[in-house]
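S.K.: I have a structure here, written as structure tokens, and I will follow up with some questions on it.
Values quoted throughout were computed directly from the atomic coordinates according to the rules given, and no laboratory measurement underlies them. Everything numeric here is computed off the predicted structure, so don't read it as measured data.
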Amino acid sequence: GCREAAEDPALQDWLRTVEPTCRWIVAVSTGTVALAAAGIVRDHASVTHWLAGDLLAEFGAERAEGRSLVDGKVVTCAGAAAAREVALQIVGQEAGAEVAERIRSELLTSGASAEPRRRRWPFRRAR
């Protein structure tokens with residue numbers, strides 16, 4: 001769980017080592033707790049899963065309300081749905097709005113019918 005990650009010295013050392021070289025640091029759900037434990041979001045507002053807010057405070061970070069929060073290169077979000085939105089926002093900044101829109105459109109249309117899923121998923125379900 002997130003407490004184990006927050007208390008894992010090897011993970012914390014790795015996060016502190018790679019953080020200066022990262023263009024973006026993104027934490028989804030309780031992953032924000034690991035960033036707080038490493039000091040990356042210490043003294044900053046961050047978004048996490050609603051059950052992990054108290055853990056953020058234990059590691060010196062402030063829990064912010066909302067689905068996602070961008071603070072410089074550090075992006076935190078509450079869960080998987082918010083992570084998809086954040087990913088598209090980052091793609092837009094890195095590759096342009098047109099690329100982000102094409103990806104968003106594909107994500108929306110691939111769920112609209114079974115045909116696109118069949119193309120991407122080669123395995124058949126047992127009857």
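S.K.: Using modelled backbone amide H atoms (1.01 Å from N, in-plane), which distant-in-sequence or interchain residues come within less than 5 Å of THR48's amide H?
M.R.: Here ALA64 satisfy the definition.
S.K.: Calculate, in nm to one decimal, what ASP54 and SER110 gain on full extension: separation in residues at 0.36 nm each, minus their alpha carbon distance.
M.R.: Contour length minus Cα-Cα distance gives 16.4 nm.
S.K.: Step through the residues of region 46-60 one at a time and calculate ³J(HN,Hα) from phi using the Karplus curve (6.51 cos²θ - 1.76 cosθ + 1.60, θ = phi - 60°), rounding each to whole Hz and writing x for Gly and Pro.
M.R.: Karplus values, whole Hz, x for Gly and Pro: 9, 9, 8, 4, 4, 7, 9, x, 5, 5, 4, 4, 4, 9, x.
S.K.: Of the listed values [x] 11.1; [y] 9.9; [z] 10.4, identify the label whose number matches mean projected area of the Cα convex hull in nm² calculated from this model.
M.R.: Given [x] 11.1; [y] 9.9; [z] 10.4, the structure-derived one carries the label [z].
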